[in-house]
Amino acid sequence: MEGKKKYITAEELKKHNKPGDLWISIQGKVYNVSDWAKEHPGGEIPLLNLAGQDVTDAFIAYHPGTAWKYLDKLFTGYYLQDFQVSDVSKDYRRLVTEFSKMGMFETKGHVAFYSLASVAVMFAIVLYGVLRCDSVWAHLGAAMVLGMLWIQSTYVGHDSGHYQVMSSRGYNRLAQVITGNCLTGISIAWWKWTHNAHHIACNSLDYDPDLQHIPFFAVSSRFFNSLTSCFYGRKLNFDPLARFLISYQHLTFYPVMCVARVNLYLQTLLLLFSNRKVPDRAFNIMGILVFWTWFPLLLSYLPNWPERFMFVLTSFAVTSIQHIQFCLNHFSANVYVGPPNGNDWFEKQTSGTLDIACSSWMDWFFGGLQFQLEHHLFPRLPRCQLRKVSPVVKDLCKKHNLPYRSLSFWDANVSTIKTLRTAAMQARDVSNTAPKNLLWEAVNTHG
């Protein structure tokens, strides 16, 4: 006891880090979110990953000011003893406050309208190209347009998942299901499940699902120890098949990306028909049924199976540009093993992300996500604001001697392939034991 306040130590707080006994600290006040975790709009996983520690920076990053009023009913009456804020966190929180006062989180421009309008136009072009044209070249062009449609539709779904792009929550949820489930065949429920975990545990080999691609890819030789995925709750076995595939991953990367959507369709179905708790399961399944109605029906209007195969492969190949982009943002960045730490939010995001440098007229093509670090630090910030805050983030990184990496699209590809080739060469060396691989990696890759 200190005065009239009750205090708890950081070590005592760490003990409350499991389902049914889940405590967190925000600005030094301790909250019991054991029951609330099941109702949390962002899912239970982000809370479990950060359980038993101070999560102020993550809370500020993901929640608007209106969310603070909901904390009072969860307050335990305890305060965190010796609560301290690092200089980096102070500057980060100051930026969030300044951006909020400037109205940047609410100023969304007309990006969603233009994007949805472009998606509608592209869908009309696809229908015309398939239904009204007999030329194989017209069908090929329609497939390419469909690939671009999927890319732009995904960006709208991504935006609506991070902040409200429509006039109400109901319309926002409808936009998510239309742009995600109905148009792309990928469930917004699956996306939220994996994407929130990715943001919270950015580039953690055992907590970030976006790096867990065994047996096809491994960005680090630490996967050779058959790590246990804390996200999927299973072991990522580095067996002979995984060793063989990973040995050639720098050669198979682009071909696999061309058919990567097949995995996303599979992951969607596995989640929606699993025993996991899925928000709006029926709504999501209905959206998926819409996709698997119009897409096969569209293919049936093509004259023969070779053209259908060409159409699917071409549309997938165009969309692979987006899959590659997401890999470029993280595959060659620094990685770590273990749960995320709430006290180094800013540092972990700078360490695990890489920006793609491009001209402003290309912002529509990359959906703003070429500013990956800015997006990770301020996930609620509309994409039209990311280029504006980039110089500020760069200055803050420089001030605290943190990495700010921005490469051209070509250089980012080169960096990613080098990372994959390094792991591939290690996987080929059967005589290398895991400790030797880890030592090599520690010296040569992570300094």
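The values are calculated or read from the model by the stated rules, or taken from the named source; none is laboratory data. Source: prediction; values computed, not measured. Neighbour counts run over all protein chains shown; Cβ positions are idealised from the backbone, glycine included. Remember, those area values only see protein heavy atoms, side chains included, never the ligands or the DNA or RNA. Shrake-Rupley method; radii C 1.70, N 1.55, O 1.52, S 1.80 Å.
The stretch between Leu140 and Lys15 holds 39.2 nm of extra length on full extension. This uses 0.36 nm per residue minus the Cα-Cα distance. For the chain, a simple Cβ point-charge model (Lys and Arg +1, Asp and Glu -1, everything else neutral) yields a dipole of about 340 debye relative to the Cα centre. Extension gain for Trp361 to Thr252 (0.36 nm times residue separation, less C-alpha to C-alpha distance): 36.1 nm.
Region 115-152 to region 304-350: how many Å between their Cα centroids? About 24 Å separates the Cα centre of region 115-152 from the one of region 304-350.
Remark: spin-label model distance Asn263-Lys38 equals 3.4 nm, labels positioned 7 Å along the Cα→Cβ axis. Axis angle, to the nearest 10 degrees, between helix 136-162 and the longest C-alpha principal axis of the chain: 20 degrees. By accessible area, using a 1.4 Å probe on protein heavy atoms only, the chain has 61% of its surface on carbon and sulfur. Beta bridges assigned by DSSP with both partners in the chain are antiparallel in approximately 60 percent of cases. Across the chain, C-alpha contacts under 8 Å between residues 6 or more apart give a mean separation that, scaled by the residue count, equals a relative contact order of 19 percent. A straight Cα-to-Cα reach below 21 Å connects Lys277 with the lysines Lys18, Lys38, Lys192, residues fewer than 8 places away in its own chain not being considered.
In region 6-84, the DSSP beta bridges split such that about 65 percent are antiparallel, to the nearest 5.
The residues Asp344, Asp210, sorted by heavy-atom accessible surface at 1.4 Å with ligands and nucleic acids left out, run Asp210, Asp344 from largest to smallest. In the chain, helical runs assigned H by DSSP with n ≥ 4 each contribute -39500 (n - 2.57); averaged across all residues and rounded to the nearest 500, the mean residue ellipticity at 222 nm is -17000 deg cm²/dmol. According to the calculation over all Cα-Cα pairs in the chain, the P(r) per 10 Å bin from zero is 4, 19, 29, 28, 15, 4, 1, 0, 0 %. Once the chain from Thr228 to Ala117 is taken as fully extended at 0.36 nm per residue, the excess over their C-alpha distance is 35.6 nm.
In this structure, the amide hydrogen of Asp54, modeled 1.01 Å from its nitrogen in the peptide plane, lies closer than 5 angstrom to those of Ser25, counting only residues at least 5 positions away or on a different chain. Per-peptide packing, taken as the mean over residues of other Cβ atoms within 10 Å, places 150-163, 313-326 in the sequence 150-163, 313-326 from highest down. Using the Karplus relation 6.51 cos²θ - 1.76 cosθ + 1.60 with θ = phi - 60°, the per-residue 3J(HN,Hα) values for region 75-84 come to 5, 7, x, 9, 10, 7, 6, 6, 5, 10 Hz, with x marking Gly and Pro. When the Gaussian network model of the chain links Cα atoms closer than 10 Å, the mean-square fluctuations of Val389, Val85, Val335 top out at Val85.
In this structure, the pairs whose alpha-carbon distance is over 25 Å, taken from Lys4/Lys348; Lys14/Lys398; Lys69/Lys90; Lys101/Lys388; Lys29/Lys348, are Lys4/Lys348; Lys14/Lys398.
Region 6-84 has equivalent-ellipsoid semi-axes of 18, 15, 11 Å, by the square roots of 5 times the alpha carbon gyration tensor eigenvalues, sorted largest first.
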